[in-house]
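The block underneath contains the structure these notes are about, expressed in structure tokens.
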Amino acid sequence: MSKGRAEAAAGAAGILLRYLQEQNRPYSSQDVFGNLQREHGLGKAVVVKTLEQLAQQGKIKEKMYGKQKIYFADQDQFDMVSDADLQGLDGKIVALTAKMQSLQQSCRYMEAGRTG
């Protein structure tokens with residue numbers, strides 16, 4: 001492998017690893033390619049090969065679903081969340097949803113008064 005290709009592969013590994021960790025959801029190689037193609041200009045062959053290498057190195061996980069491989073960040077690297085933390089987040093979601101609905105209702109009321 002030439003020096004330029006080795007540097008490109010190393011850069012691709014960092015980009016793909018960071019992307020999978022930040023998104024923290026499963027992706028096929030086609031999904032990763034499609035999502036990063038415009039921003040980073042990575043070719044499909046580079047994406048597939050790099051994902052396979054990262055999985056072999058244990059930096060990400062892969063699962064087979066039929067003929068398709070799915071790649072995702074290793075969940076062991078993330079902190080465990082307690083049930084109390086989850087309940088707290090659920091409470092915030094409920095409160096924010098209620099606030100959003102109230103604001104939407106206010107907006108509809110104001111728009112109706114403005115146009116009427």
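Name the residues whose placed amide hydrogens come within less than 5 Å of the amide hydrogen of Asp74, ignoring near sequence neighbours (fewer than 5 apart) on the same chain.
Distant-sequence amide H within range of Asp74: Lys61.
Within the stretch 13-74, report the chymotrypsin sites (Phe, Trp or Tyr not before Pro) that DSSP leaves as loop and that have at most 15 other Cβ atoms within 10 Å. Please list the in-between numbers first.
Working: sites: Tyr19, Tyr27, Phe33, Tyr65, Tyr71, Phe72; in loops: none.
Passing both the DSSP loop test and the Cβ count: no residue.
Under a straight-distance cross-link criterion of Cα-Cα below 17 Å, which lysines are reachable from Lys44, leaving out those fewer than 8 residues away in the same chain?
Straight-line reach from Lys44, under 17 Å: Lys69.
Arg25 label point, 7 Å along Cα→Cβ, cut-off 19 Å on backbone N: hits in the stretch 82-116?
90, 93
Spelling out what I want: for every residue of the stretch 35-40, take phi, set θ = phi - 60°, compute 6.51 cos²θ - 1.76 cosθ + 1.60 (Karplus), and round to whole Hz; glycine and proline get x.
Each residue's phi maps through the Karplus curve to give 6, 10, 4, 5, 6, 10 Hz.
Extension gain Ser106-Lys67, at 0.36 nm per residue separation less the Cα-Cα distance, in nm?
Details: separation 39, 0.36 × 39 = 14.04 nm, distance 5.09 nm.
Stretched fully, the Ser106-Lys67 segment lengthens by 8.9 nm.
Using Cα pairs under 8 angstrom and six or more residues apart, how large is the relative contact order of the chain, in percent?
On the way: 75 pairs, mean separation 27.1, N = 116.
The value is 23 percent.
Comparing Lys63, Lys92, Lys44, which has the greatest mean-square fluctuation in the GNM of the chain with Cα pairs linked when under 10 Å apart?
Of Lys63, Lys92, Lys44, the most mobile in the Gaussian network model is Lys92.
Could you tell me how many degrees, from 0 to 90 and to the nearest 10, lie between the Cα long axis of helix 83-115 and the main elongation axis, the longest principal axis, of the Cα atoms of the chain?
For 83-115 against the chain, the angle is about 60 degrees.
With springs only between Cα atoms under 10 Å apart, run a GNM on the chain and tell me which of Asp31, Asp76, Asp90 wobbles the most.
With Cα springs under 10 Å in the chain, the top fluctuation among Asp31, Asp76, Asp90 is at Asp90.
If you project the alpha carbons of the stretch 3-76 onto their three principal axes, what span does each projection cover, largest first, in Å?
Computed over the Cα atoms, the extents are 33, 23, 23 Å.
Bear in mind that the values in this text are calculations on the coordinates, not laboratory data. Nothing here was measured: the structure is a model prediction, and the numbers come from that model. Here the Cβ is made from the backbone with ideal geometry for all residues, glycine too, and neighbour counts use every protein chain on show.
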